[in-house]
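The values are calculated or read from the model by the stated rules, or taken from the named source; none is laboratory data. Small disclaimer: the values here were computed from a predicted structure and weren't measured. Glycine gets a Cβ as well: all are built from the backbone with ideal geometry, and neighbour counts include every protein chain shown. The protein model used for the area step is the full one, side chains on, heavy atoms only, and it has no ligands, DNA or RNA in it. Shrake-Rupley method; radii C 1.70, N 1.55, O 1.52, S 1.80 Å.
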Amino acid sequence: MDTLVRTRRGLRTPEAAPRRLAVPDGMRAPLGCDAVATPAELGPLVMPRLPRVGCVYADEAHWWWIVPSDSDYALPWPSPSRYATGALVPGSPHATPGLIHRPDGTLPYTPPIPLYLTLCRLTGTTPTWSRPISA
């Protein structure tokens, strides 16, 4: 019986493989692609606050904003947002993020600094460059 218990503890539900958010046909990404995830309930609050909105994907739990690669360089994105290098989003057996906004033109990017500042404002987070330096 003890062996059965140990065996069952090792069982896990297989997780779906991460998926890369694809740039829509006719668009190009000369700066590479990463993505910033926000909880779905923040998405509609973020969109009208941005000067330009690039490609945005959504599933039941998150909205994913396409940003240029390395938009996390020296920039910790405020919680509960998450940064996804290479626009690789966690796999889900329930939903695949779908494109909900496509910008005019050929570039898929949401400008990262306005997105960062908007997320800081909505989450009550002080931007990192505004924080006092600790001694």
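Values as computed for the structure displayed
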item	result
For V67, residues with placed amide H under 5 Å, excluding near neighbours	D34, A35, V36, T110
Neighbour cut-off at most 14 other Cβ (10 Å), DSSP loop, trypsin sites (Lys or Arg not before Pro), the range 32-130	R52
Accessible-area order (highest first, 1.4 angstrom probe) of the listed residues L88, L31, L50	L31, L88, L50
